[in-house]
Amino acid sequence: MEKQTITIGLPRALLYYRYRTLWRAFFQGLGMETVVSNPTDRDILERGTALAIDEACLSLKIYLGHVAALVGKCDYILVPRVSNFGRQRSMCTRFESTPDLVRNVFRNDRQKFLSYEVDEEMKKQNEEDAFLEMGRALGCSAKAVKKAYKQAKKLELAQHKERAQKYEQLYKREGMKVLIAAHSYVAEDPYMGKTVSDYLKRVGVIPVRADLVDRESALKHSRELSPTCKWEINREILGGIAMHQDDVDGIILLGAFPCGPDAMVNELITRRVKGVPILNLVLDSQTGTAGVETRLESFIDIIRFKEGKL
Amino acid sequence: MAEAKKRNVSFPRYAEYNCAFKYIVEQALGCKYVMPPALTKRTMELGTKYSPDFVCTPFKTMLGNMIEALEAGADTLLMTHGLCRLGYYGELLEQILRDLGYQFDFINLSDYDMEKKKEYIRIVRRFNPKVNPARFLTQFMEGVRMVEYLDDITAEYYQNCGFDATHGDYKRAYQDFLTAMYTAQTKNDVETGYRAAKRALRAVPLDKPKHPLRVGIVGEFYTAMDAFSNLELEQKLADMRVEVHRWMNVTNQFLRYGSGQKNLRVKIQDLCQYDMGPTSTANIWYARECADRGFDGLIHIKSATCTPEIDVMPVLQNISADYKIPVLYLTYDAQTSDVGLMTRLEAFYDMIDMRKKVL
């Protein structure tokens, strides 16, 4: 009998937007299949909200909705624990808790979950070690896992570089440019940030992403704005702002309610970044986009007014 | 003249630990300690006014109390590092205070790599360049000893004070102990104060039933321990004649389990595989422990928007379901009235009391 292919479910939320290429290429490199949940819709949001603790952030609620959508549709659902990439390079504690949180929320479903743990500071385990451990647990040889990881990582980095370069070109374009400072899973989710960038494009404004920059230089530049910020993604965003604040007409600090790191870092940004209009926009599970559009409209008016174009 | 150059150091109020901060700052570091005013409604008004909206509540409390400490004459403020958002408190607190126009020196432990021993000497020298490291260490350890005594006496106090047959002596003995710690200047003061308190507490006759109601407290590191922040939850419970048990304190979290809580995780492996947050392993372990030991209820305390504690809740819900132990989840924001809390506590008490009689 032919050996059945293992299918891995990837919830289209949180770290998916950062690691989709790495994950897909890695599992495919090991001869496995991946299934991704559909883009966020009303149903996913509602299911996630029902499963989450009320006070959890919108991003986690959406995530749980995506996990629920995958339950029963794959052998494993991937829920990694990403704690940090070294000192002052942490993730929000929510990325430490997700695997156990998900297991506890879905403990009555007969779903298997797959995890890997990145914790360089305390456990000296980097991403490669973590993937090796996970691949071995899935029954693959160390050699095959290493190869799959290396290839997948290469692909991921190349793709990120390409996207960052594409955005670098955008800064040189004519027209009003607005920098969106957001976690990728907020910026790209159809129920969160995508409504914002879609609207901006519709009214002729060029949205640029603060986090899509060369990560290494962004980490260095983040120190200009905040010397002790320890959250990796916020540091990338801070670095992106520091590098490009003079190339844009306005900045939108786009967060999901009530994002822990954003609540503090965005406050600091509004206190330290001067000379460019800033909109602090916090998204919750709204059913319509009218409220957001009104705020964006008035923000664009402010920019035009400031530039003498209104 | 040299005396005039001493720093006036302050750190915000945090449960009753400020007596130990005072001891360390004055005895070990040779600076003056400015005791910040006790937390009040005004503290919260100041803190809330200048804080971002959905930062966790201890940030607001500390901001308000730092303003009050500066008004009281502090010229040097200390802020700690931390594994959750606490690690970023320092930079934002300093920025907000500077924007308000206050002038002070700010020692932020997040600026240092606390994994390196050399950094500690740098920090100590910033407080006082003339400190002798060996002498500092001895007196620092005396301050640490005070923390251990404080946690020991406090735990004993909340387990028994509700059953004080004299209606007051037990509380008085505890207050006397606190006074002794806040005024201690030598190792001898600390040791004598502790022994006197132990004797005084043991001397009070208790009127405790054979099977009193027992409630375990778990939750966020600041709000679960700070009586002002949790609206004196432990005293309120104790006054209802409940034995109040709380594992979480500085001694247990840092002094005994400072280098990781591997051995606590052993007993909760079926519930969680990893550390879910800085205090999660201890909280889950203790909740399970209380359930195992047949406690009548659990209370989970956190401040609004505390991410790690929100994430612990699904695990607590499972413990509650498996062991049939009621859990009361309390979220504290900058409210200063305890009417709502009282209603919920009374209802919780009635429920666990009825269950005990029925079961």
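The values are calculated or read from the model by the stated rules, or taken from the named source; none is laboratory data. None of these values were measured; they are calculated from a predicted model. Neighbour counts are summed over all protein chains in view; Cβ atoms, including those assigned to glycine, are modelled from backbone coordinates with ideal geometry.
Which of the numbered conditions does residue B:51 fail, given that it passes all the others? Conditions: (1) closer than 20 Å to residue B:307 by Cβ; (2) more than 10 Å from chain A (Cβ to nearest Cβ).
(2)
Answer yes or no: is there a residue in the range A:134-150 that is buried (at least 16 other Cβ atoms within 10 Å of the Cβ) and without any contact (Cβ under 8 Å) to a residue 24 or more places away in the chain.
For the range A:134-150, residues buried (at least 16 other Cβ atoms within 10 Å of the Cβ) and without any contact (Cβ under 8 Å) to a residue 24 or more places away in the chain: present.
Go over the candidates B:204, B:215 one by one and state the one that is modelled with pLDDT of 95 or more, closer than 30 Å to residue B:335 by Cα and of a type in the set (A, V, I, L, M).
It is B:215.
Yes or no, residue by residue, for (1) in the same structural domain as residue B:331 (by TED's automatic domain parsing); (2) of a type in the set (Ser, Thr, Tyr); (3) within 14 Å of residue B:309 (Cβ to Cβ):
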residue: B:230; (1), (2), (3): yes, no, yes
residue: B:236; (1), (2), (3): yes, no, no
residue: B:248; (1), (2), (3): yes, no, yes
residue: B:255; (1), (2), (3): yes, no, no
residue: B:258; (1), (2), (3): yes, no, no
residue: B:264; (1), (2), (3): yes, no, no
residue: B:274; (1), (2), (3): yes, yes, no
residue: B:281; (1), (2), (3): yes, yes, yes
residue: B:284; (1), (2), (3): yes, no, yes
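Filter the range B:335-352 down to the residues that are of a type in the set (Ser, Thr, Tyr) and in a helix (DSSP H, G or I), then identify the one that is surrounded by the fewest Cβ atoms within 10 Å (Cβ to Cβ). Working first, answer last.
Of all residues in the range B:335-352, those of a type in the set (Ser, Thr, Tyr) come to B:336-337, B:343, B:349.
Narrowing the set further to residues that are in a helix (DSSP H, G or I) leaves B:343, B:349.
On the way: B:343: 10, B:349: 20.
So the residue we want is B:343.
Results for (1) crowded, with 16+ Cβ neighbours inside 10 Å; (2) outside any loop (DSSP other than H, G, I, E, B); (3) in the same structural domain as residue B:202 (by TED's automatic domain parsing), shown as yes or no for each residue.
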| position | (1), (2), (3) |
| --- | --- |
| B:148 | yes, yes, yes |
| B:156 | yes, yes, yes |
| B:166 | no, no, yes |
| B:176 | no, yes, yes |
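How about the range A:33-52: which of its residues are buried (at least 19 other Cβ atoms within 10 Å of the Cβ) and either in a strand (DSSP E or B) or touching a strand residue (DSSP E or B) at 6+ places or on another chain (Cβ under 9 Å) (or both)?
Of everything in the range A:33-52, just one residue is buried (at least 19 other Cβ atoms within 10 Å of the Cβ) and either in a strand (DSSP E or B) or touching a strand residue (DSSP E or B) at 6+ places or on another chain (Cβ under 9 Å) (or both), namely A:37.
Looking only at the range B:305-325, count how many residues are touching a residue at least 60 places away in the same chain (Cβ under 8 Å) and either of a type in the set (Phe, Trp, Tyr) or facing another protein chain (nearest Cβ under 7 Å) (or both).
Qualifying residue count, the range B:305-325: 3.
Please go through the range B:124-136 and pick out each residue that is buried (at least 17 other Cβ atoms within 10 Å of the Cβ) and among the hydrophobic types (A, V, I, L, M, F, W, C).
Selection gives B:124, B:127, B:131, B:136.
Contact list please: Cβ distance under 9 Å, first residue in the range A:283-302 and free of Cβ contacts under 8 Å to residues at least 24 places away in the same chain, second residue surrounded by fewer than 11 Cβ atoms within 10 Å (Cβ to Cβ), pairs at least six apart or on different chains.
Hits for this filter: A:301/A:310.
Across the range A:236-278, what is the number of residues that are farther than 14 Å from residue A:182 by Cβ and within 14 Å of another protein chain (Cβ to nearest Cβ)?
Result for the range A:236-278: 10.
Considering only residues that are outside any helix (DSSP H, G or I), free of Cβ contacts under 8 Å to residues at least 24 places away in the same chain and away from chain A (no Cβ under 14 Å), which ones fall in the range B:109-146?
B:129, B:132
Among the listed residues A:235, A:202, which satisfies the condition of being closer than 23 Å to residue B:108 by Cα and either touching a strand residue (DSSP E or B) at 6+ places or on another chain (Cβ under 6 Å) or among the basic types (Lys, Arg) (or both)?
On the way: A:202 fails: closer than 23 Å to residue B:108 by Cα.
Selected residue: A:235, the only one of A:235, A:202 that is closer than 23 Å to residue B:108 by Cα and either touching a strand residue (DSSP E or B) at 6+ places or on another chain (Cβ under 6 Å) or among the basic types (Lys, Arg) (or both).
With A:186, A:145 as the choices, which residue is of a type in the set (A, V, I, L, M), more than 14 Å from chain B (Cβ to nearest Cβ) and over 24 Å from residue B:85 (Cα atoms)?
Going through A:186, A:145 in turn, the sole match is A:145.
Residue check: is residue A:166 within 16 Å of residue A:252 (Cα to Cα) and either at pLDDT below 95 or basic (Lys, Arg) (or both)? Walk me through it before giving the result.
Values: within 16 Å of residue A:252 (Cα to Cα): no; either at pLDDT below 95 or basic (Lys, Arg) (or both): yes.
Judged against the criteria, residue A:166 is not a match.
Sort through B:145, B:135, B:122 and tell me the only one that's closer than 18 Å to residue B:105 by Cβ and either within 23 Å of the chain's Cα centre (by Cα) or modelled with pLDDT under 95 (or both).
That would be B:122, the only listed residue that is closer than 18 Å to residue B:105 by Cβ and either within 23 Å of the chain's Cα centre (by Cα) or modelled with pLDDT under 95 (or both).
(1) in contact with a Lys or Arg (Cβ under 7 Å, 6 or more places away or on another chain); (2) more than 14 Å from chain B (Cβ to nearest Cβ); (3) crowded, with 24+ Cβ neighbours inside 10 Å: which one isn't true of residue A:222, the others all being true?
In the conditions (1) in contact with a Lys or Arg (Cβ under 7 Å, 6 or more places away or on another chain); (2) more than 14 Å from chain B (Cβ to nearest Cβ); (3) crowded, with 24+ Cβ neighbours inside 10 Å, residue A:222 misses (2) alone.
Okay, residues lined up against (1) over 23 Å from the mean Cα position of the chain (by Cα); (2) within 14 Å of chain A (Cβ to nearest Cβ):
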| site | (1), (2) |
| --- | --- |
| B:56 | no, yes |
| B:70 | no, no |
| B:78 | no, no |
| B:98 | yes, yes |
| B:101 | yes, yes |
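Residue check, residue A:108 against (1) modelled with pLDDT of 95 or more; (2) within 14 Å of another protein chain (Cβ to nearest Cβ); (3) closer than 28 Å to residue A:234 by Cβ, all met but one. Which one?
Answer for residue A:108: the failing condition is (3).
Does the range B:82-93 include one or more residues that are surrounded by fewer than 19 Cβ atoms within 10 Å (Cβ to Cβ) and more than 28 Å from residue B:157 (Cα to Cα)?
For the range B:82-93, residues surrounded by fewer than 19 Cβ atoms within 10 Å (Cβ to Cβ) and more than 28 Å from residue B:157 (Cα to Cα): present.
Can you tell me which residues in the range A:292-306 are aromatic (Phe, Trp, Tyr) and either touching a strand residue (DSSP E or B) at 6+ places or on another chain (Cβ under 8 Å) or on the phi > 0 side of the Ramachandran plot (or both)?
Correct list: A:299 only.
Please go through the range A:282-299 and give me each residue that is among the hydroxyl-bearing types (Ser, Thr, Tyr) and assigned to a helix (DSSP H, G or I), ordered by number.
A:294, A:298
What helices (runs of 4 or more DSSP H) lie completely within the range A:187-277 and have 1 or more residues being of a type outside the set (Asp, Glu) and in the same structural domain as residue A:62 (by TED's automatic domain parsing)?
Where helices (runs of 4 or more DSSP H) fall fully within the range A:187-277, none carries at least 1 residues being of a type outside the set (Asp, Glu) and in the same structural domain as residue A:62 (by TED's automatic domain parsing).
Identify, please: which residue in the range B:28-37 is in contact with an Asp or Glu (Cβ under 9 Å, 6 or more places away or on another chain) and surrounded by fewer than 21 Cβ atoms within 10 Å (Cβ to Cβ) and is, among those, nearest to residue B:121 (Cα to Cα)?
Taking the candidates together, the pick is B:32.
Go through the range B:5-39 and give me each residue that's in contact with a Gly (Cβ under 7 Å, 6 or more places away or on another chain), in a helix (DSSP H, G or I) and over 24 Å from residue B:154 (Cα atoms).
B:28
Just to be sure before I move on: is residue A:125 within 14 Å of chain B (Cβ to nearest Cβ), of a type in the set (S, T, N, Q) and over 30 Å from residue B:322 (Cα atoms) in the structure I sent? Give the derivation first.
Working: within 14 Å of chain B (Cβ to nearest Cβ): yes; of a type in the set (S, T, N, Q): yes; over 30 Å from residue B:322 (Cα atoms): yes.
Spelling it out, residue A:125 is indeed within 14 Å of chain B (Cβ to nearest Cβ), of a type in the set (S, T, N, Q) and over 30 Å from residue B:322 (Cα atoms).
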